Each structure stands twice: as structure tokens, then as C-alpha cells.
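Here is the structure we will look at.
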Ligand code: DLZ
């Protein structure tokens, strides 16, 4: 993920056609909610600004980042979304739990991308402390929820271009 603020008005996602028909899932982990809710709100805003209908955004919470994997799998199997955006925030603690959760989520989301046709976007912050997370959830390094939404839109567009030939 980038370390600078990005300006999405410069980005080609503004010009995508047919976004009003696109359906997108957002999954938000409840751990560190002040960060993950800010990621979710930015992702929603970006999707809506690019023409995705509010009613076509399926937004759910999961207990922690580890549960993003199962919920994304369910979304891929049980709904007709064009992409799933997974949002979480894993902050380094005193124990090694951070490493296991972060590695598990990363591997799990990678596996879902290999298994399913729709993109499953990795919008999970893994930081050393709370401040680094806040800086990336609407702070001095932008909002990674916004970037995750942009990644979802780009991948949907690519999938549709490749599908239509
Ligand atoms: C247990 C745990 C810990 C220690 N830290 C975080 C964290 O920083 N961010 C996060 O999203 N979730 C954390 N969790 C919870 C796990 O993701 C998961 O919800 C539990 O282990 C239950 O499966």
C-alpha cells in the first residue's frame, strides 16, 4: 500500500461505464472499530462517487480480521457480488498473535482470489501501533478504504473486459 495521499480524481475509475449495475460486498472487522469504520466509510464514499448504487453495496461486520476470510467466502458463494472488499486493522501487541492473525488473513484472502472468479480485495492494515493505523484511515497517509474501493472497481472492470473479449 502507498505511503502518500492519493488523489482519486486523477484516476481512471471515474470514467467507468455501467457502475450503477455493479454489486459490491464490504466486510468490516470489528476490532479497532475507530479505524475500520473509517476505512468502510471511505470505501463506501468512493464507490458511490463512481456511480455504484447504495442499494448495491452489501455491507456486513465480522468479529475480527480473521473472520474476513470465511465471510468473504460466503459472499462469493451465496451472493452475486462482483467483488468483495475486506477491511480490517491488525495492530501489533505484546504477543505473537499479531503475526498469526496477519499471516492467516493474508493467506486466506490470497486463497480466495485463486479459488473464486470475483476479486477479493485486501484492505487490512497491519501496523505497529494505533497511530500508524489512524494515519492510514483518513490521516496523513490517506485512507486505505478508499484505495481498496478503487482496487475493487479496477478489478471488476478488468474482469468484465476480459469476459466480454
Ligand atoms: C485476537 C485478535 C488480536 C489479538 N488482535 C486483533 C487485531 O489487532 N485486529 C483484528 O482484526 N483482530 C484481532 N484479533 C481477533 C481475531 O481476528 C479473531 O477475531 C479471533 O481470533 C477469533 O477468531
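Can you tell me which of (1) touching a helix residue (DSSP H, G or I) at 6+ places or on another chain (Cβ under 7 Å); (2) surrounded by 15 or more Cβ atoms within 10 Å (Cβ to Cβ); (3) not in a helix (DSSP H, G or I) is the one residue 39 doesn't meet? Only one criterion in (1) touching a helix residue (DSSP H, G or I) at 6+ places or on another chain (Cβ under 7 Å); (2) surrounded by 15 or more Cβ atoms within 10 Å (Cβ to Cβ); (3) not in a helix (DSSP H, G or I) is unmet by residue 39, namely (3).
Selection of the range 129-165 for residues being surrounded by fewer than 17 Cβ atoms within 10 Å (Cβ to Cβ), in a loop (DSSP other than H, G, I, E, B) and at pLDDT 95 or above yields 129, 140.
Taken over the range 13-68, the criterion of being out of contact with any strand residue (DSSP E or B) (no Cβ under 7 Å at 6 or more places or on another chain) and at positive phi is satisfied by 18, 51. Within the set 126, 55, the sole residue that is exposed (fewer than 15 other Cβ atoms within 10 Å of the Cβ) and either in a helix (DSSP H, G or I) or in contact with a helix residue (DSSP H, G or I) (Cβ under 7 Å, 6 or more places away or on another chain) (or both) turns out to be 55. Considering the range 58-72, and only residues there that are under 13 Å from the mean Cα position of the chain (by Cα), farther than 11 Å from residue 28 by Cβ and buried (at least 16 other Cβ atoms within 10 Å of the Cβ), the residue that is nearest to the ligand (Cβ to nearest atom) turns out to be 69. Kindly indicate whether any position in the range 73-86 is within 26 Å of residue 130 (Cα to Cα), at pLDDT 95 or above and either surrounded by fewer than 18 Cβ atoms within 10 Å (Cβ to Cβ) or within 11 Å of the ligand (Cβ to nearest atom) (or both). Within the range 73-86 (the criterion being within 26 Å of residue 130 (Cα to Cα), at pLDDT 95 or above and either surrounded by fewer than 18 Cβ atoms within 10 Å (Cβ to Cβ) or within 11 Å of the ligand (Cβ to nearest atom) (or both)), the answer is yes, since at least one residue qualifies. Restricting to the range 92-117, name every residue that is surrounded by fewer than 17 Cβ atoms within 10 Å (Cβ to Cβ), touching a residue at least 24 places away in the same chain (Cβ under 8 Å) and within 16 Å of the ligand (Cβ to nearest atom). Of everything in the range 92-117, those that are surrounded by fewer than 17 Cβ atoms within 10 Å (Cβ to Cβ), touching a residue at least 24 places away in the same chain (Cβ under 8 Å) and within 16 Å of the ligand (Cβ to nearest atom) turn out to be 92, 98, 104. Looking only at residues of the range 24-36 that are away from the ligand (no atom under 11 Å from the Cβ) and surrounded by 17 or more Cβ atoms within 10 Å (Cβ to Cβ), we find that the one that is farthest from residue 89 (Cα to Cα) is 24.
Within the range 119-130, residues that are farther than 19 Å from residue 104 by Cβ reach partners that are within 12 Å of the ligand (Cβ to nearest atom) with beta carbons closer than 8 Å, at six or more positions or on different chains, in the pairs 129/91; 129/92; 130/32; 130/35; 130/91. Does residue 2 satisfy the criteria of being modelled with pLDDT of 95 or more, more than 11 Å from the ligand (Cβ to nearest atom), within 16 Å of the chain's Cα centre (by Cα) and closer than 17 Å to residue 153 by Cβ? No.
The values are calculated or read from the model by the stated rules, or taken from the named source; none is laboratory data. Quick caveat, the model's predicted, so the values are computed rather than measured. Backbone-built Cβ (ideal geometry, glycine too); neighbour counts: all protein chains shown.
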